[in-house]
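What follows draws every value from the coordinates through simple rules; no lab data is involved. In this text the structure is predicted, and so the values were computed from the model without any measurement. A quick note on method: Cβ atoms are made from the backbone with ideal geometry, for glycine too, and the neighbour counts reach across all protein chains shown.
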Amino acid sequence: MIILITDSLNIKKCRYIAKVLIIIKNCKGVFTVKIRMRFTLIELLVVIAIIGILASMLLPALNRARKQAYQISCGNNLKQLGLGAASYNNDYDGYSVCHDHADGSSPSYMQYWHGKVFEYVHENLELYKCPSRPGKNAAPTPSNIASYSFNEAFRPWPSLTPIKLSTINDPSGTMMITDATIGNSGSTYEYAWSGIRQSYDRVDFRHGINADKTLGTTNYKGTASMLFADYHYSAKKKTDVPLTDTGLWTIKSGD
């Protein structure tokens with residue numbers, strides 16, 4: 001930094017200031033002042049330590065905000081897929097999309113729920129990917145990138161006939177689509193875990209934690225995003241999900 005001191009100032013005061021802060025370059029009326037700023041090693045280490053402390057305080061908050069943003073994005077995906085399912089229902093006389101229509105559609109993924117909804121969401125593949133745990137992307141189709149599964153109650157065993165939405169007694173309490181485990185092949189399972197098939201532990205509680213993204217694994221300690229038959233979205237913990245064919249797994253009310 002350069003400071004110019006003109007000869008209109010008191011020369012004695014100028015010289016005193018120069019002795020304290022500056023190197024005097026010219027004593028004939030004008031002084032050129034250089035202030036050299038140097039940090040000691042200790043000062044640098046203190047600054048680095050302070051930056052490290054601030055970072056350690058901010059990073060957890062940023063991580064929580066990132067996970068919350070992922071869950072919000074996941075919920076928006078489910079709502080859009082739900083609107084696609086609603087459009088399908090309107091076109092097919094009130095019959096619901098179900099996990100597997102078994103109608104021989106080609107390509108094969110078109111017989112499953114994600115294929116049936118595909119055209120109604122303008123073939124937007126991004127809606128099938130949960131940001132907390134996206135599926136495989138090698139050859140993108142609704143099947144091999146889907147992060148979600150459909151409740152098997154919409155084509156219940158043993159009749160295997162799609163139901164009409166009007167037969168659902170408790171739409172707000174009947175889960176339709178949920179976060180699901182991604183299988184070893186990189187695709188999600190078409191239908192979700194229920195009391196009917198308890199060995200298929202397929203609801204993935206991946207939000208709010210550092211989710212394990214290994215194929216074939218299920219997360220249990222976070223929350224799962226779920227869309228219900230009245231098209232509202234909710235986040236559920238594992239303790240909210242029955243281990244038997246009751247509650248959100250069924251189309252009945254009061255169970």
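Along Cα→Cβ, 7 Å out, is where each label goes; now give me the distance between the ones at residue 91 and residue 41 in nm to one decimal.
Inter-label distance under the simple model: 7.3 nm.
Could you let me know the centre-to-centre spacing of segment 203-255 and segment 68-105, using Cα atoms, in angstrom?
Using only Cα atoms to place each centre, the spacing works out to 17 Å.
Modelling each spin label as a point 7 Å along the Cα-to-Cβ direction, I'd like the residue 73/residue 221 distance in nm, to one decimal.
Roughly 2.3 nm, to one decimal.
Kindly flag which residue pairs out of 67/252; 164/221; 67/164; 164/213; 79/252 have an alpha-carbon separation exceeding 32 Å in this structure. Walk me through the numbers before you get to the answer.
On the way: 67/252 34 Å; 164/221 34 Å; 67/164 36 Å; 164/213 35 Å; 79/252 23 Å.
Over 32 Å apart, Cα to Cα: 67/252; 164/221; 67/164; 164/213.
Between residue 166 and residue 106, what length comes free when the chain is fully extended (0.36 nm per residue of separation minus the Cα-Cα distance, one decimal in nm)?
18.7 nm
What is the gain in length, in nm to one decimal, between residue 57 and residue 157 on full extension, counting 0.36 nm per residue of separation less the C-alpha to C-alpha distance?
Value of the extension gain: 30.8 nm.
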